[in-house]
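See below for the structure under consideration.
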Amino acid sequence: MKQRKVPLRKCVACQEMKPKRSLIRIVRSPDGEVSIDLTGKKSGRGAYLCGQSSCFKLAKKSKAFDRALAVAVDPEIYDRLEQDFIRVEDEFRAAGAREDDA
Ligand SMILES: [Zn+2]
C-alpha cells in the first residue's frame, strides 16, 4: 500500500496535531468576519479545531481564536460560532466517517 502524506494541523484548543480533514476550520475573512469554513476553501486567516464541541468550549474559555486569528473576537461571536459549530458537528462527523476508508 502506498503511503500518502497526510497534512497535519494543530487544534488551537487542545494543541494536538491532527489530520487536516478531522479538524474544522474557522476563518477570519479579509473584512474581519469570523465564521466556520466546512469547505476549507474560504480565503482569510484560518484556525483549526477538532470536530468536537469539547474543543470548541475549550477554545472559547481560553479565547484561542483571538490568538490564532490575531483579532479580538467578541464573546457574542464565540456564542454564535458555538451554535454553528454544534449544527455542523453531526454533518462533519458523517462526512468524516465516509472518508475513513479512503
Ligand atoms: Zn482539539
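Each value in this text was obtained by applying a stated rule to the coordinates, not by laboratory testing. If you're wondering where the values come from, they're calculated on a predicted model, not measured in any experiment. Using ideal geometry, Cβ is built from the backbone for each residue, glycine included, and neighbour counts are taken over all protein chains shown.
Does Gln15 count as within 15 Å of the ligand (Cβ to nearest atom) and at positive phi? Steps first, please.
Details: within 15 Å of the ligand (Cβ to nearest atom): yes; at positive phi: yes.
Against the criterion (within 15 Å of the ligand (Cβ to nearest atom) and at positive phi), Gln15 qualifies.
Take the conditions more than 13 Å from the ligand (Cβ to nearest atom) and surrounded by fewer than 13 Cβ atoms within 10 Å (Cβ to Cβ) and apply them to Pro7. Does it pass?
Working: more than 13 Å from the ligand (Cβ to nearest atom): yes; surrounded by fewer than 13 Cβ atoms within 10 Å (Cβ to Cβ): yes.
Answer is yes for this residue.
Those residues that are closer than 21 Å to Arg93 by Cβ, assigned to a strand (DSSP E or B) and in contact with a Phe, Trp or Tyr (Cβ under 9 Å, 6 or more places away or on another chain), I need them from segment 28-66; list them, please.
Ile36, Ala47, Leu49, Cys50
If we scan segment 14-31, do we find a residue that is surrounded by 15 or more Cβ atoms within 10 Å (Cβ to Cβ), touching a Leu at 6+ places or on another chain (Cβ under 7 Å) and under 16 Å from Gln83 (Cα atoms)?
Looking only at segment 14-31, we keep the residues that are surrounded by 15 or more Cβ atoms within 10 Å (Cβ to Cβ), and these are 14, 18, 21-28.
Then drop every residue that is not touching a Leu at 6+ places or on another chain (Cβ under 7 Å), which leaves 14, 18, 23-24, 26, 28.
Now restrict to residues that are under 16 Å from Gln83 (Cα atoms): 24, 26.
Within segment 14-31, one or more residues are surrounded by 15 or more Cβ atoms within 10 Å (Cβ to Cβ), touching a Leu at 6+ places or on another chain (Cβ under 7 Å) and under 16 Å from Gln83 (Cα atoms).
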